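Bear in mind that the values in this text are calculations on the coordinates, not laboratory data. Since the structure is predicted, the reported quantities are computational estimates derived from the model, not experimental observations. Note: ideal-geometry Cβ built from the backbone for every residue, glycine included; neighbour counts use all protein chains shown.
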2 protein chains.
Amino acid sequence: MALIVQKFGGTSVGTVERIENVAERIKKFRDRGDDVVVVVSAMSGETNRLIEMACQIEEKPNAREYDVLLSTGEQVTIALLSMALNRRGVPARSYTGTQVHILTDSAHNKARILDIKEKNMRTDLDQGKVVVVAGFQGVDEQGDITTLGRGGSDTTAVALAAALNADECQIYTDVDGVYTTDPRVVPEARRLDKITFEEMLEMASLGSKVLQIRAVEFAGKYNVPLRVLSSFDEPDFDADGSGGAIGTLITYEEDEMEQALISGIAFNRDEAKLTILGVPDKPGVAYSILGPVGDANIEIDMIIQNISADGTTDFTFTIHRNDFESAKAVLTRVANELGAREVVGDDKIVKISLVGVGMRSHAGIAGKMFKTLAEEGININMISTSEIKISVVIEEKYLELGVRTLHSAFGLEQKQG
Amino acid sequence: MALIVQKFGGTSVGTVERIENVAERIKKFRDRGDDVVVVVSAMSGETNRLIEMACQIEEKPNAREYDVLLSTGEQVTIALLSMALNRRGVPARSYTGTQVHILTDSAHNKARILDIKEKNMRTDLDQGKVVVVAGFQGVDEQGDITTLGRGGSDTTAVALAAALNADECQIYTDVDGVYTTDPRVVPEARRLDKITFEEMLEMASLGSKVLQIRAVEFAGKYNVPLRVLSSFDEPDFDADGSGGAIGTLITYEEDEMEQALISGIAFNRDEAKLTILGVPDKPGVAYSILGPVGDANIEIDMIIQNISADGTTDFTFTIHRNDFESAKAVLTRVANELGAREVVGDDKIVKISLVGVGMRSHAGIAGKMFKTLAEEGININMISTSEIKISVVIEEKYLELGVRTLHSAFGLEQKQG
């Protein structure tokens with residue numbers, strides 16, 4: 001008997017039949033005695049259908065009205081799911097973002113949650129009702145409908161779990177958890193039973209797109225145990241300590257986890273790098289290069305500046321591959337202004353990252369990584385490290401080889417600990 | 001310069017292109033200096049799409065959730081229309097039933113409007129904004145979404161016009177007004193410039209389904225000038241006294257209208273009649289016959305009881321043709337219980353009605369009607385009259401002949417007065 005927030009994404013509620021399946025799953029938790037709050041996304045395809053209509057009117061339509069439009073997607077799902085639950089004899093009540101009063105700021109299309117009134121939900125839960133909440137949407141102080149931006153339903157679920165002090169927030173997706181790396185690249189990739197919030201953030205931002213980063217940050221901040229699991233697997237109430245669900249639990253670091261050196265290998269295929277060579281090395285040079293790039297709305301990932309020789313320095317950064325040409329143009333202009341020698345670039349690179357909280361207390365991880373890659377003849381272009389992550393940039397053609405070799409070298413296919 | 005409430009139905013906003021046309025029309029009124037409040041229905045087909053999904057779950061789904069579902073239809077339209085207006089440089093703001101606070105009772109799927117907060121709308125209008133309101137929906141005291149029942153957007157428009165004390169409420173449909181009779185039957189049928197609320201109610205309830213009856217009642221009660229017009233015609237701002245719009249104005253009786261004897265001829269093809277013969281005539285007999293019919297959810301239209309002879313009476317009523325068999329079964333049971341002689345019926349009948357406030361002060365209308373029909377060899381089965389209406393039931397095959405002959409006999413193809 002626990003209070004569980006369950007979130008089902010667009011694919012899990014993509015048809016009326018799947019909504020019925022979700023209702024069946026919720027009923028099993030209710031029958032066991034759990035209190036359940038459900039957060040749902042729009043049925044898959046629905047949001048795109050709505051966007052398409054708006055785009056027929058204007059490419060960038062009025063932001064306030066865009067939110068009024070998009071929020072109907074989740075409203076349809078909460079109604080259908082509540083009907084399906086009620087038909088099964090499971091009393092349920094739907095709430096739009098306005099009704100449950102998920103107060104946000106007024107930044108339409110990318111609003112942030114400020115406060116949640118949990119009173120109505122508490123009353124319903126006390127009466128044995130399932131509370132079904134529309135994800136992705138809220139209401140501002142003027143009573144205007146807002147949306148949290150795409151994928152924001154995860155954030156809604158975590159915020160509700162925090163407000164209700166829930167025992168667990170379960171995010172149902174079409175994958176059954178977080179893996180040591182992408183199973184499409186490494187068939188031996190193993191599902192992790194647990195991962196820390198910090199590791200999850202590094203994995204997510206590096207391309208393992210299981211969860212919205214904001215949702216993980218939120219969960220970490222409010223210490224909400226977060227579980228990623230598949231809506232297509234049956235719940236297994238006998239599984240030890242899993243609260244009736246399998247998948248991967250994202251939580252704070254615990255003693256038992258300290259042995260794991262590496263939790264997983266993330267990678268990003270869509271990288272490109274640009275280098276400005278022979279920049280006169282003086283204070284403020286980094287900003288004079290990166291400022292104009294940022295002004296052009298180009299997001300910068302890794303940044304490396306080599307030590308200065310003969311009064312000039314080389315400056316390299318990585319960006320999304322789509323921004324390669326525009327960033328190169330900006331940089332060429334900047335190079336002229338700064339009197340730099342040359343701009344060179346490569347859009348056939350990838351980034352591979354080892355992630356693990358165990359790195360903090362174990363030396364030698366980086367060395368082992370570089371040696372492993374070298375033994376396969378893979379040249380490392382760039383290196384960047386943080387407390388729980390080591391990233392390298394290599395040639396695109398070595399991506400699969402590099403990830404597989406590292407996965408095996410660090411023994412990730414076996415359970416650690 | 002006037003305050004106008006304009007309502008556009010599902011066909012008028014059935015595609016994004018049509019929504020753009022509606023925006024163009026509204027812009028013309030704004031450019032002229034009118035203040036405009038717009039009420040829209042769901043895009044045609046959308047409500048049926050939603051109902052279909054609900055029916056996949058349950059034939060009669062949870063009423064509260066059904067309203068949550070259906071109300072998304074209008075919400076999509078208000079967002080798209082507001083986008084289209086804003087793109088044209090016409091500032092516009094959308095409101096759901098909840099946001100504009102159309103307070104209703106809690107009778108889900110058929111709620112009644114109790115109150116409207118017009119403050120937000122006034123503020124917007126004062127700032128030169130067009131107010132775009134979702135029709136058909138409201139909110140109850142608990143904050144739950146309600147719907148007014150199908151076609152209820154007309155009622156929303158009239159209620160807003162009443163609350164705002166608007167100069168006119170314009171209902172745009174796919175017909176360009178109210179006709180003296182159905183032009184498909186009588187090609188010479190003429191569009192009426194004006195008609196009284198009472199006449200409109202008789203016309204509507206008799207099958208001229210241009211407007212929702214409730215909307216007309218509401219307009220009459222609050223004295224809201226109501227105009228029916230086509231969303232496919234261009235507004236004609238030069239037309240004398242028409243407020244920039246043509247169509248038919250529904251209003252209170254005025255002096256100039258007193259000359260018109262007959263405003264129109266309504267008819268209903270879907271009638272059937274049942275007669276119970278030889279019922280022992282005693283007090284309460286009418287109820288003992290009609291009670292069970294009503295209990296079976298069968299709506300009764302005309303009722304006629306002939307005077308009693310030899311202690312028994314004959315009792316005839318008309319119903320919708322679809323209910324003929326079930327009503328006959330109920331009546332046969334009742335006849336047995338009452339010791340009546342026989343039940344006979346006919347489901348090949350139609351009803352034709354002359355409607356006109358002029359009847360009040362002019363005798364001889366009924367006589368002329370009966371004589372006209374007799375001259376064509378049309379036998380009258382039943383007659384029923386009210387202050388402003390005479391209805392006759394005749395054989396189905398005479399419908400077109402009867403309507404055309406009466407239309408011509410009363411000179412309806414020419415403007416009267």
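Around A:GLY345, with a cut-off of 9 angstrom between Cβ atoms, what is the net charge of the other residues, counting Lys and Arg +1 and Asp and Glu -1?
Details: positive: A:LYS273, A:LYS328; negative: A:ASP346, A:ASP347.
Net charge around A:GLY345: 0.
Checking the a/c ratio against 1.5 first, then a/b against b/c, what shape does the Cα gyration tensor give for the protein assembly as shown?
On the way: a/c = 3.47, a/b = 2.06, b/c = 1.69.
Prolate is the answer for the protein assembly as shown, as a/c is 1.5 or above and a/b outweighs b/c.
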Checked against the positive end of the charge dipole of region B:265-409 (+1 on Cβ of Lys and Arg, -1 on Cβ of Asp and Glu, about the Cα centre), the farthest of B:GLY402, B:ILE378, B:GLY356 is B:GLY356
Candidate cut points under GluC sites (Glu not before Pro) in region A:284-382, DSSP loop plus at most 13 other Cβ atoms within 10 Å of their own Cβ, are A:GLU299, A:GLU376
Unit-weight point scatterers at every alpha-carbon of region B:376-417, Debye formula, q = 0.18 1/Å: log10 I(q)/I(0) is -0.62
Taking B:ASP310, B:ASP115 and counting other beta carbon atoms within 10 angstrom, the fewest-first order is B:ASP310, B:ASP115
Checked chain A against the a/c 1.5 cut and the a/b vs b/c comparison, axes a ≥ b ≥ c from its Cα gyration tensor; verdict oblate
Rounded to one decimal in nm, the spacing of the 7 Å Cα→Cβ label points at A:ASP174 and B:LYS117 is 4.2 nm
The local net charge around A:GLN170, scoring Lys/Arg +1 and Asp/Glu -1 for residues other than A:GLN170 whose Cβ lies under 9 Å from its Cβ, equals +1
FRET efficiency for A:ASP281 and A:ASP105 from the Cβ-Cβ distance with R0 = 41 Å, rounded to 0.05, comes out at 0.45
For the table A:LYS282/A:LYS389; B:LYS7/B:LYS397; A:LYS60/B:LYS110; A:LYS389/A:LYS415, the rows whose alpha-carbon distance is greater than 26 Å are A:LYS282/A:LYS389; B:LYS7/B:LYS397; A:LYS60/B:LYS110
Per-residue Cβ contact counts at 10 Å, fewest first, order B:SER230, B:SER82, B:SER41 as B:SER230, B:SER41, B:SER82
Placing each pseudo-label 7 Å from Cα in the direction of the beta carbon, B:THR15 and A:HIS362 end up separated by a distance in nanometres of 6.3 nm
Taking every other residue with Cβ under 13 Å from the Cβ of A:THR15 and scoring Lys and Arg +1, Asp and Glu -1, one gets -3
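If you rank B:LYS110, A:LYS129, A:LYS371 by fewest surrounding Cβ atoms within 10 Å, what's the result? Provide the component values of the computation, followed by the final result.
Details: B:LYS110 15, A:LYS129 21, A:LYS371 11.
Fewest-to-most ranking of B:LYS110, A:LYS129, A:LYS371: A:LYS371, B:LYS110, A:LYS129.
Taking R0 as 56 Å, what FRET efficiency do you get between A:SER384 and A:GLN127 from their Cβ-Cβ distance, rounded to the nearest 0.05? Write out the running numbers ahead of the final one.
Numbers: r = 53 Å, r/R0 = 0.95.
Between A:SER384 and A:GLN127 the formula returns 0.60.
Rounded, prolate or oblate: pick one for region A:3-139, where a ≥ b ≥ c are the square roots of the eigenvalues of its C-alpha gyration tensor, a/c under 1.5 means rounded, and failing that, prolate if a/b is larger than b/c, else oblate.
oblate
Please compute the Kirkwood hydrodynamic radius of region A:264-409 from all pairs of different C-alpha atoms, in Å with one decimal. All intermediate terms of the calculation are to be shown ahead of the outcome.
Numbers: mean 1/r = 0.0617 Å⁻¹.
When all Cα pairs of region A:264-409 are included, the Kirkwood radius is 16.2 Å.
Only loop residues by DSSP count here, and only those with at most 10 other Cβ atoms within 10 Å; note down the GluC sites (Glu not before Pro) in region B:75-184 that meet that. List each step's numbers first, then the result.
Working: sites: B:GLU118, B:GLU141, B:GLU168; in loops: B:GLU118, B:GLU141.
Loop-located and lightly packed - B:GLU141.
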